[in-house]
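Trainee: Submitted below is the structure of interest, expressed as structure tokens.
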Amino acid sequence: MTFKSFFRNRMTELSLTIIFIVGFLALVSTSQGVLLSRASLQGFLTYLAVPIVIGMAQMVVLCIGQMNLAVGAMGGVSTAIMATQMADHKVSIPVALLVGFLGATAMGAINGALVVLTQLNGFIITLGTMTILLGVQYRLVRTFTIDKYPTSLPDFGKKNIVGFPLILVIAIATSVVLSMYFSRTGSGRRVLATGGNALAARLSGVSNSRSVFIAHTLSGALVGVAAIITIASLPGINRSIGGDWMLSSFSAPIIGGVLMAGGTVAVYGTVIAAGVIRLVDIARAQYSLDPSIVSLTVGVVVLSTVALSEWRRRRTVRQNEGRKVLPA
């Protein structure tokens, strides 16, 4: 790979990195350095963990050309399971977190199995399961805030490693493992092959049904990680958990360079895009902006990114077709 082609292939990630650095420095300047205080940096990094992981949860489904609309509902039910296990049944923290994680993974597996069995797109299946899970979440939590679990769990969420919040380290480590899965394992490459061209993948011996099932199950597992991070970083949970995850889960990977058509992942792009979105949230609080304006802005950026990606894809297809008809 030449130096020029490297920058062309990484243009989205490089652009987002520059935007993040410039945006961060601008907020530091306008806040008279308050953002550089230990408390501000800790808050910024702590609340960056969940957007990173739910972005990954959506990314693994986008890479097969589908969507997971149930990310937020799955996270809400998973955290509710963990909290009720500890508060109502006095289950130990490790066991409760494991049960919640396995529950989220099972929800993802059910989504994948339903997609494979019905041959419907994940958009339709997860729309239905989202509605069901929202009812389950309300049944578990109702209108209460559950906070009667051991104080050692929130204390765990406040721990640092070399100055970085432990839960952010968990999110980054999860991203690294996911990147290695897609780049260094046969299973990960087969999932990407299914998303890139399902017919070609099938003719090459790849089981597309298995790839779809794996992608949705992996999405559920990542939601389980996000649920663990959430319950460890909050003093209590209620039925609002997961309610604002959908836009974040889509915006980070799409802005980060993941194609809606499938066949690609962008782990670093998703991480840095989540950071940019987090900076937008800080700017909203710092300048007392209307939250609806921020949501509108992020939505417009997502739509613009999708349109630009589709234009690039079609242009590449036309260029390839043009090369095929040229005489030898």
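The values are calculated or read from the model by the stated rules, or taken from the named source; none is laboratory data. Predicted model only: the values in this text are computed from it and were never measured. Note that each Cβ is placed from the backbone with ideal geometry, even for glycine, and that neighbours are counted across all protein chains shown.
Trainee: Can you tell me which of (1) in contact (Cβ under 8 Å) with a residue 60 or more places away in the chain; (2) assigned to a helix (DSSP H, G or I); (3) touching a helix residue (DSSP H, G or I) at 6+ places or on another chain (Cβ under 7 Å) is the one ILE172 doesn't meet?
Mentor: (3)
Trainee: Name the residues in the range 150-169 that are closer than 18 Å to VAL50 by Cβ, free of Cβ contacts under 8 Å to residues at least 24 places away in the same chain and in a helix (DSSP H, G or I), would you?
Mentor: Across the range 150-169, the qualifying residues are LEU166, VAL169.
Trainee: Of the conditions (1) touching a strand residue (DSSP E or B) at 6+ places or on another chain (Cβ under 8 Å); (2) free of Cβ contacts under 8 Å to residues at least 40 places away in the same chain; (3) among the β-branched types (Val, Ile, Thr), ILE146 satisfies every one except a single condition; which number is it?
Mentor: (2)
Trainee: Only one of (1) under 27 Å from PHE164 (Cα atoms); (2) touching a residue at least 40 places away in the same chain (Cβ under 8 Å) fails for ARG284. Which number is that?
Mentor: Of the numbered conditions (1) under 27 Å from PHE164 (Cα atoms); (2) touching a residue at least 40 places away in the same chain (Cβ under 8 Å), the odd one out for ARG284 is (2).
Trainee: Among the residues of the range 119-141, are any more than 24 Å from the chain's Cα centre (by Cα), among the hydroxyl-bearing types (Ser, Thr, Tyr) and more than 24 Å from GLY269 (Cβ to Cβ)?
Mentor: For the range 119-141, residues more than 24 Å from the chain's Cα centre (by Cα), among the hydroxyl-bearing types (Ser, Thr, Tyr) and more than 24 Å from GLY269 (Cβ to Cβ): absent.
Trainee: Looking at the range 181-205, which of its residues are hydroxyl-bearing (Ser, Thr, Tyr) and either exposed (fewer than 15 other Cβ atoms within 10 Å of the Cβ) or within 14 Å of LEU62 (Cα to Cα) (or both)?
Mentor: SER183, THR185, SER187, THR194, SER204
Trainee: Considering only the range 16-44, state which residues are exposed (fewer than 14 other Cβ atoms within 10 Å of the Cβ) and part of a helix (DSSP H, G or I).
Mentor: At the first step, the residues of the range 16-44 found to be exposed (fewer than 14 other Cβ atoms within 10 Å of the Cβ) are 18, 21-22, 25-26, 29-30, 32-34, 36-39.
Hits for the range 16-44 are ILE18, ILE21, VAL22, LEU25, ALA26, SER29, THR30, VAL34, LEU36, ARG38, ALA39.
Trainee: Output the residues belonging to the range 146-177 that are under 19 Å from LEU97 (Cβ atoms) and of a type in the set (S, T, N, Q).
Mentor: THR151, SER152, THR174
Trainee: Filter the range 45-81 down to the residues that are within 21 Å of ASN208 (Cβ to Cβ), in a helix (DSSP H, G or I) and not aliphatic (A, V, I, L, M) and list them by number.
Mentor: GLN58
Trainee: When the range 137-155 is examined, which residues are found to be under 22 Å from LYS90 (Cβ atoms) and surrounded by fewer than 16 Cβ atoms within 10 Å (Cβ to Cβ)?
Mentor: Residues satisfying the conditions are ARG139, ARG142, PHE144, THR145, ASP147, LYS148, PRO150, THR151, SER152, ASP155.
Trainee: Quick one: in the range 108-162, which of the residues that are among the basic types (Lys, Arg) and out of contact with any Lys or Arg (no Cβ under 9 Å at 6 or more places or on another chain) is modelled with the highest pLDDT? Give the derivation first.
Mentor: The first filter runs over the range 108-162 and keeps only residues among the basic types (Lys, Arg), leaving 139, 142, 148, 158-159.
Still in the running and out of contact with any Lys or Arg (no Cβ under 9 Å at 6 or more places or on another chain): 139, 148, 158-159.
Numbers: ARG139: 92, LYS148: 85, LYS158: 85, LYS159: 89.
This residue is ARG139.
Trainee: Shifting gears a bit: Please count how many residues of the range 68-112 are within 16 Å of the chain's Cα centre (by Cα) and either surrounded by fewer than 18 Cβ atoms within 10 Å (Cβ to Cβ) or free of Cβ contacts under 8 Å to residues at least 60 places away in the same chain (or both).
Mentor: Matching residues across the range 68-112 total 0.
Trainee: Find the residue count for the range 113-127, including only residues that are closer than 27 Å to ALA83 by Cβ and either in contact with a strand residue (DSSP E or B) (Cβ under 7 Å, 6 or more places away or on another chain) or free of Cβ contacts under 8 Å to residues at least 12 places away in the same chain (or both).
Mentor: Going through the range 113-127 one residue at a time, the tally reaches 0.
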